[in-house]
Amino acid sequence: MESIKRNILLNPGPATTTDTVKMAQVVPDICPREKEFGDIMRQLRKDLLGTVHADPTKHTCVLFCSSGTINIDICLNSLLPDNKTVLVVNNGAYSSRAVEVCQYYSLPYIDLKSSVFEQPDLSVVEQTLKNNPDIAIVYTIYHETGTGVLNPVKEIGALAHKYGAICVVDTTSALAMRPINIDEENIDFCMASAQKGIQGMAGLSFIIGNVQEIIKSKNYPKRSYYCNLYLQYDFFERTGEMHFTPPVQTVYAAVQALKEYYAEGEMEKWKRHQRVADAIHEGLREMGLKEVIDPAIQSGLVVSVKFPDDPNWSFEYVHDYCYEHGFTIYPGKISSTNTFRLCSLGQIDVKDIKDFFEVLKKAMSGK
Ligand SMILES: *Cc1c(COP(=O)(O)O)cnc(C)c1O
């Protein structure tokens with residue numbers, strides 16, 4: 001078999017994958033309605049629960065065919081009872097996506113916006129809950145991919161529960177990278193997609209959450225047909241299948257990726273991401289490049305770097321130079337500051353970062 005060129009993706013997902021995951025997609029054609037394929041998905045759903053230490057008697061995992069944003073859409077449109085409000089604890093571009101979903105569905109919402117450079121203020125979250133007893137969903141993000149800020153999810157979840165709301169958390173850029181414990185961290189629903197933490201392929205997304213809450217949502221207002229959590233859950237429970245055609249080959253890749261995830265181990269993988277992030281910090285320091293987020297509140301998964309104060313700096317030139325040499329860097333998502341992002345996702349290690357900085361130095365010394 002010809003070897004596949006290895007690219008180092010420093011963008012926030014899709015991530016660099018192993019060749020074994022890539023090759024897992026090359027399988028005999030199969031109709032996904034066959035029992036054999038149903039068994040594969042049943043096992044995958046079960047194995048995904050383990051990534052957040054979910055309890056199979058209390059939690060379930062529901063798969064969808066799409067990129068990760070579908071999870072945000074589904075949770076918000078499916079889990080909000082009539083005449084209730086969503087509170088979005090919003091400190092960045094990716095949390096803002098939830099606000100846009102609320103707007104598209106005309107869901108009552110409160111956009112609790114705060115500085116993208118900081119963690120949200122818990123006392124303001126509590127005051128908002130106190131003042132608005134109709135809040136049924138507190139929505140936040142585990143790790144804001146736009147900046148690299150890690151949010152105090154456990155504390156936000158505790159406040160949600162204190163005021164009778166459920167806590168829905170976008171864990172897309174943390175799950176299977178940083179250790180997460182769904183119950184201990186007061187999370188009712190979390191989510192991710194296969195191209196991020198588990199290092200699979202894009203096109204498969206999943207929501208892990210509380211079964212009783214899903215069952216309760218059966219009679220909530222129906223705001224979408226394709227993107228309804230109860231409908232997909234119920235179909236899986238009755239038939240073992242996705243309601244509509246699953247991303248067949250992507251499912252095989254996810255199964256292989258998850259096998260590799262468990263073989264590496266939750267803590268070992270987290271250690272690897274941390275040492276990759278440390279190598280990124282060190283490389284930036286050596287080059288005199290400045291970060292925008294206080295290291296004390298960083299996730300260890302996304303590093304936001306300020307554009308250098310150099311009239312000759314061109315992100316596009318540097319990006320293209322790095323890309324030609326097998327490294328992908330990614331623009332920032334902070335409206336007030338020009339930044340780019342270097343991420344520690346994917347099947348990469350310290351050596352890849354050292355190699356990257358050699359290329360970056362050449363790119364920045366120009367032409
Ligand atoms: C990547 C990501 C998503 C999903 O983005 P898609 O492009 O739809 O896959 C959602 N939330 C967060 C926090 C992410 O990092």
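The values are calculated or read from the model by the stated rules, or taken from the named source; none is laboratory data. Only a predicted model underlies this, so the values are computations on that prediction, with no experimental measurement involved. As a convention, Cβ positions derive from the backbone with ideal geometry for all residues, glycine included, and neighbour counts pool all protein chains shown.
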With under 22 Å from V86 (Cα atoms), in contact with a helix residue (DSSP H, G or I) (Cβ under 9 Å, 6 or more places away or on another chain), in the same structural domain as S78 (by TED's automatic domain parsing) and assigned to a strand (DSSP E or B) as the only criterion, which of I214, I208, I156 stands out? I208
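Answer yes or no as to whether M242 is buried (at least 20 other Cβ atoms within 10 Å of the Cβ) and within 15 Å of the chain's Cα centre (by Cα).
Values: buried (at least 20 other Cβ atoms within 10 Å of the Cβ): yes; within 15 Å of the chain's Cα centre (by Cα): no.
When the stated conditions are applied, M242 does not pass them.
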For segment 181-193: of the residues being under 25 Å from A253 (Cα atoms) and more than 13 Å from the ligand (Cβ to nearest atom), which is surrounded by the most Cβ atoms within 10 Å (Cβ to Cβ)? F189
Those residues that are assigned to a loop (DSSP other than H, G, I, E, B) and closer than 17 Å to R178 by Cα, I need them from segment 271-305; list them, please. S299, G300, L301
Looking at S217, S224, S173, can you tell me which residue is of a type in the set (S, T, N, Q), buried (at least 24 other Cβ atoms within 10 Å of the Cβ) and either modelled with pLDDT of 95 or more or within 16 Å of the ligand (Cβ to nearest atom) (or both)? S173
Would you be able to tell me the number of residues in segment 199-214 that are within 16 Å of the ligand (Cβ to nearest atom), of a type in the set (S, T, N, Q) and more than 11 Å from the chain's Cα centre (by Cα)? 1
Restricting attention to segment 306-317, does a residue exist that is in a strand (DSSP E or B) and of a type outside the set (D, E)? yes
Which of the numbered conditions does K196 fail, given that it passes all the others? Conditions: (1) farther than 24 Å from V305 by Cβ; (2) within 10 Å of the ligand (Cβ to nearest atom). (1)
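Please pick out the residue among V255, V248 that is modelled with pLDDT of 95 or more, more than 20 Å from N151 (Cα to Cα), assigned by TED's automatic domain parsing to the domain that holds S114 and touching a Leu at 6+ places or on another chain (Cβ under 9 Å). Spell out how you get there, then give the answer.
On the way: V248 fails: touching a Leu at 6+ places or on another chain (Cβ under 9 Å).
None of the others qualify; the one that does is V255.
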Under 8 Å between Cβ atoms, which residue pairs at least 6 apart in sequence (or on different chains) link something in segment 262-291 that is among the small types (G, A, S) with a partner that is in a loop (DSSP other than H, G, I, E, B)? A277/G300; A277/L301; A277/S344; G288/P308
For segment 233-263, which residues satisfy the criterion of being aromatic (F, W, Y) and within 17 Å of A202 (Cα to Cα)? Y252, Y261
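Scanning for something charged (D, E, K, R), surrounded by 20 or more Cβ atoms within 10 Å (Cβ to Cβ) and within 30 Å of V27 (Cβ to Cβ), does segment 265-286 turn up at least one residue?
Quick first cut of segment 265-286, residues charged (D, E, K, R) only: 266, 268-269, 271-272, 275, 278, 282, 285-286.
Checking the rest, the ones that are also surrounded by 20 or more Cβ atoms within 10 Å (Cβ to Cβ) come to 269.
Now narrow it down to the ones that are within 30 Å of V27 (Cβ to Cβ): 269.
Yes, that holds for at least one residue.
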With the condition kept exactly as written, say whether any residue in segment 247-270 is part of a helix (DSSP H, G or I), more than 17 Å from L342 (Cβ to Cβ), within 18 Å of the chain's Cα centre (by Cα) and of a type in the set (S, T, N, Q). yes
